């Protein structure tokens, strides 16, 4: 399962900029990767794990601006089309779970 966070935050005032940086840093520290500017994603191995990360995102949301969160299955995420210029690129692969024997 993938969690996608899309946000549009103000950066006009110094305090707004600090909130933007704080939110972005919280996402990165929680294992999200930048997919595009203001679009971050994280692969979660289960619905329960996704719920933990969704709550962390919710706690980090700044007082101003807009944040949207999508949940996608690995199959839905894998059907995404990514273009860099005219060249098509495959989406990031889901992370495998670590197995210990």
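Read-outs: derived from the displayed coordinates by stated rules, not from any lab. Nothing here was measured: the structure is a model prediction, and the numbers come from that model. A quick note on method: Cβ atoms are made from the backbone with ideal geometry, for glycine too, and the neighbour counts reach across all protein chains shown.
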Legend entry - the chain: radius of gyration over Cα atoms, expressed as a fraction of 2.2 N^0.38 Å: 1.18
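Give the relative contact order (percent, whole number) for segment 2-89; include only Cα pairs under 8 Å separated by 6+ residues. Write out the running numbers ahead of the final one.
On the way: 95 pairs, mean separation 38.1, N = 88.
This gives 43 percent for segment 2-89.
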Inset, instruction - May I ask you to order 29-36, 9-16 by the average number of other C-beta atoms within 10 Å around their residues, highest value first? - result: 29-36, 9-16
Inset, instruction - Could you state the angle between the C-alpha long axis of helix 14-29 and the longest principal axis of the C-alpha atoms of the chain, as a value from 0 to 90 degrees rounded to the nearest 10? - result: 20
